[in-house]
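Accompanying notes for the structure given below.
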Amino acid sequence: MSPRKVTTDEHRWTQIRSAADKESAFICVHLWFQLFRDFPYHSCLPQCSLCALWLRDMAKGLPKRSENYSEWYNEIVKRADLAENSAVRGCMVIKPYGFAIWEKMQRALDDMFKATGHQNAYFPLFVPKSFLEKEEEHAEGFAKECAVVTHYRLKANPDGKGLVVDPNAKLEEELIIRPTSEAVIWNTYRNWIQSWRDLPLLINQWCNIVRWEMRTRLFLRTAEFLWQEGHTAHATEQEAIEETERMLGVYATFAEDWIGLPVIKGLKSPNERFAGAIETYCIEGLMQDGKALQCGTSHFLGQNFARAFDVKFVNKDNEQEYAWATSWGVSTRLMGALIMAHSDDQGLVLPPKLAPIQVVIVPIYKSPEDLAAISAKVDPLVTELRAAGILVKYDDNDNQRSGWKFAEYELRGVPVRLGLGMRDLEAGTVEVARRDTLTKESRPLDGIVEHITSLLDEIQANIYQKALDFREANTFRVDTWNEFKEQIEKGGFILAHWDGTAETEEKIKNETKATIRCIPLGAPSEEGSDLLTGAPSARRVVFARAY
């Protein structure tokens, strides 16, 4: 049997692929086009055979969720240009497009914090070790994750090139790079709080955090990450509890209204509480692989930190007492939640409220004259869209063909794409493509701004509804241990009875890798039996495997 004849186009494609490093090229498809600008990718059918070969290999490049969810997630983060691993082990570089999404999250949350009376401040990156030790449970909980500064100077290596730590520059007391800021903030509050008139004290901080991690994943778990942490002081226990629940509500509203992610609000079990907290409240989301992701926490700290740092105030009865505390935070882990909850096998899917580009306009043309004619129509449209508060980009860059741009903006999750060619100009129409449903239609240019405005709202609602439908379809009531073990392998939220003991919780975790994600707030009481021990139970809790 004679060997298969290699076509000219396939031979050329082989040459193109071998010209760049295979590993890096397949991680970042658009690199090929930056290297080979004359590469013909057509925006209309039929495609040339070379384009067909490119599409064949591009389809292979992005793993399918159903086949390798972890690899699919990693590839989307990289290929959508959100983040990459840094030269510093365990740390990431958030790229401009990814940071633009985070900035939109920040702005929305910051507005919500300020609407509830909070102010921003900034506290030191370094925490003296003695501060961390003052609240024993808190110290024990974070001890294994701490990065420690022991010296303050380097010097030239006397034995050769390079630098070494100067042994004469040892700090009198080690400094911890903040894993969280309760200790340094409550030491400061001692100087700020003397009277009931100084309360409540409602402070938020935007900063970075370091918690040493051995196994990392971009956005979900890194040694350094970005977050906000609220720290408040109150005159009464009830006020502090109300604040804790209020901020949990803020997080839930943000998750559902902005990220488009339905969440369950609940309390953590004692085993899962924040170190030093009396109660930890949380919001839990379900990702497309059936695993849970903790998306935010709000902690009622009681008087633990006030006692540890001697933060007292004179109350209205002219008596001294300790202040009551809360802390609450969300981080860049929300980026991971957004990606895993909504994206598909074609790439990133962004809710319009968080998209850096909500609408992209791509001209389809053959000559400079065509582009000029299209631009004359597009320029006033861009002005109208921006006046309507829509973030729009007109991509008239001639270094890539329109078909490549279509694929690139689909990968990057832009909610709406408008395609405009000479035939559209003649007909007074524009092609409107939706990223969430991968559908497109031809619409009259007249009234297109109003249509897009309502379409963006429709996409935001559809993304949320799709995630809600998924959660409801993957939430199961389970009553027996065998059912539990079978269902946990399939994923999803499991509502099951628990006898309330740490021992049972630990046994379930050890045998199935499932944890109690939360004890849902507002869930009705329901008499039953623990599915493992058979002991009495007053309510169902949410179990799942989790990130």
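The values are calculated or read from the model by the stated rules, or taken from the named source; none is laboratory data. Note that this is a predicted model, so its numbers are computed, not measured. Cβ atoms come from the backbone with ideal geometry, glycine included; neighbour counts cover every protein chain shown. Ligands, DNA and RNA are excluded from the accessible area calculation, which covers all protein heavy atoms including side chains. Shrake-Rupley method; radii C 1.70, N 1.55, O 1.52, S 1.80 Å.
Mind checking whether some residue in the stretch 355-364 is out of contact with any Ser or Thr (no Cβ under 6 Å at 6 or more places or on another chain) and in a helix (DSSP H, G or I)? No, because not a single residue in the stretch 355-364 is out of contact with any Ser or Thr (no Cβ under 6 Å at 6 or more places or on another chain) and in a helix (DSSP H, G or I). Mind telling me which of the residues Lys129, Lys114, Lys78 ends up being under 25 Å from Arg215 (Cα atoms), open to solvent by 20 Å² or more (accessible area, probe 1.4 Å) and modelled with pLDDT of 95 or more? The conditions single out Lys78.
Could you tell me whether Tyr122 is at pLDDT 95 or above, of a type in the set (Phe, Trp, Tyr) and either part of a helix (DSSP H, G or I) or in contact with a Leu (Cβ under 6 Å, 6 or more places away or on another chain) (or both)? The answer is no for Tyr122.
Only one entry in Asp257, Asp310 is assigned to a loop (DSSP other than H, G, I, E, B) and not basic (Lys, Arg), namely Asp310.
Take Gln465 and tell me if it is outside any strand (DSSP E or B), open to solvent by 40 Å² or more (accessible area, probe 1.4 Å) and either among the aliphatic types (A, V, I, L, M) or at pLDDT 95 or above (or both). Spell out the reasoning first.
Details: outside any strand (DSSP E or B): yes; open to solvent by 40 Å² or more (accessible area, probe 1.4 Å): yes; either among the aliphatic types (A, V, I, L, M) or at pLDDT 95 or above (or both): yes.
Yes, satisfied.
Can you confirm whether the stretch 336-343 contains a residue that is open to solvent by 20 Å² or more (accessible area, probe 1.4 Å), in contact (Cβ under 8 Å) with a residue 12 or more places away in the chain and not acidic (Asp, Glu)? Working first, answer last.
Of all residues in the stretch 336-343, those open to solvent by 20 Å² or more (accessible area, probe 1.4 Å) come to none.
Scanning the stretch 336-343, I find no residue that is open to solvent by 20 Å² or more (accessible area, probe 1.4 Å), in contact (Cβ under 8 Å) with a residue 12 or more places away in the chain and not acidic (Asp, Glu), so the answer is no.
Somewhere in the stretch 151-164, is a residue closer than 30 Å to Glu319 by Cβ and among the small types (Gly, Ala, Ser)? Looking for residues that are closer than 30 Å to Glu319 by Cβ and among the small types (Gly, Ala, Ser), one finds none in the stretch 151-164, hence no. Selection of the stretch 286-297 for residues being in contact (Cβ under 8 Å) with a residue 60 or more places away in the chain and open to solvent by less than 30 Å² (accessible area, probe 1.4 Å) yields Leu286, Met287, Gly290, Ala292, Leu293.
Just for the stretch 393-445: of the residues that are among the β-branched types (Val, Ile, Thr) and part of a loop (DSSP other than H, G, I, E, B), which one is least open to solvent (accessible area, probe 1.4 Å)? Write out each step before concluding.
As a first pass, look at the stretch 393-445 and keep what is among the β-branched types (Val, Ile, Thr): 414, 416, 429-430, 432, 437, 439.
Now restrict to residues that are part of a loop (DSSP other than H, G, I, E, B): 414, 437.
On the way: Val414: 9, Thr437: 58 Å².
If we take residues in the stretch 393-445 being among the β-branched types (Val, Ile, Thr) and part of a loop (DSSP other than H, G, I, E, B), then Val414 is least open to solvent (accessible area, probe 1.4 Å).
Of the residues contained in the stretch 137-149, one or more are found to be over 26 Å from the mean Cα position of the chain (by Cα) and more than 27 Å from Val311 (Cα to Cα). Screening Gly230, Gly266, Gly276 for residues that are among the small types (Gly, Ala, Ser), open to solvent by less than 20 Å² (accessible area, probe 1.4 Å), in contact with a Phe, Trp or Tyr (Cβ under 6 Å, 6 or more places away or on another chain) and not in a helix (DSSP H, G or I) leaves exactly one candidate, Gly230. Could you please find all residues in the stretch 278-305 being in contact with a helix residue (DSSP H, G or I) (Cβ under 8 Å, 6 or more places away or on another chain), over 18 Å from Ile203 (Cβ atoms) and hydrophobic (A, V, I, L, M, F, W, C)? Result: Ile278, Cys282, Ile283, Leu286, Met287, Leu293, Cys295. Residue count for the stretch 500-531, restricted to those that are open to solvent by 50 Å² or more (accessible area, probe 1.4 Å), over 19 Å from Glu279 (Cβ atoms) and either in contact (Cβ under 8 Å) with a residue 40 or more places away in the chain or more than 24 Å from the chain's Cα centre (by Cα) (or both): 10. Is there a residue being part of a helix (DSSP H, G or I) and touching a strand residue (DSSP E or B) at 6+ places or on another chain (Cβ under 7 Å) anywhere in the stretch 366-373? The answer is yes, given that some residue of the stretch 366-373 is part of a helix (DSSP H, G or I) and touching a strand residue (DSSP E or B) at 6+ places or on another chain (Cβ under 7 Å). Of all residues in the stretch 145-204, those being more than 22 Å from Tyr122 (Cβ to Cβ), hydroxyl-bearing (Ser, Thr, Tyr) and open to solvent by less than 30 Å² (accessible area, probe 1.4 Å) number 1. Picking from residues in the stretch 502-547 that are polar (S, T, N, Q) and part of a strand (DSSP E or B), the one that is farthest from Thr280 (Cα to Cα) is Ser529. Any residue at all in the stretch 318-329 that's farther than 30 Å from Glu224 by Cβ and touching a residue at least 24 places away in the same chain (Cβ under 8 Å)? Yes: the stretch 318-329 contains one or more residues that are farther than 30 Å from Glu224 by Cβ and touching a residue at least 24 places away in the same chain (Cβ under 8 Å). When the stretch 205-219 is filtered for residues that are among the aromatic types (Phe, Trp, Tyr), open to solvent by 10 Å² or more (accessible area, probe 1.4 Å) and modelled with pLDDT of 95 or more, only Trp206 remains. If the condition is being of a type outside the set (A, V, I, L, M, F, W, C) and either modelled with pLDDT under 95 or touching a helix residue (DSSP H, G or I) at 6+ places or on another chain (Cβ under 8 Å) (or both), then the stretch 414-438 contributes Pro415, Arg417, Gly419, Gly421, Glu431, Arg434, Arg435, Asp436, Thr437. Here Leu495 passes the criteria (1) assigned to a helix (DSSP H, G or I); (2) open to solvent by less than 80 Å² (accessible area, probe 1.4 Å) except the one numbered (1). Scan Thr244, Thr222, Thr236 and give me the residue that is open to solvent by 50 Å² or more (accessible area, probe 1.4 Å) and among the hydroxyl-bearing types (Ser, Thr, Tyr). On inspection, the qualifying residue turns out to be Thr236. Taking Ala139 as the residue in question, decide whether it is open to solvent by 40 Å² or more (accessible area, probe 1.4 Å), part of a helix (DSSP H, G or I) and of a type in the set (A, V, I, L, M, F, W, C). Spelling it out, it is not the case that Ala139 is open to solvent by 40 Å² or more (accessible area, probe 1.4 Å), part of a helix (DSSP H, G or I) and of a type in the set (A, V, I, L, M, F, W, C).
Among residues of the stretch 411-431 that are on the phi > 0 side of the Ramachandran plot, those with a Cβ under 8 angstrom from a residue that is hydroxyl-bearing (Ser, Thr, Tyr), sequence gap 6+ or separate chain, pair up as Gly413/Ser343.
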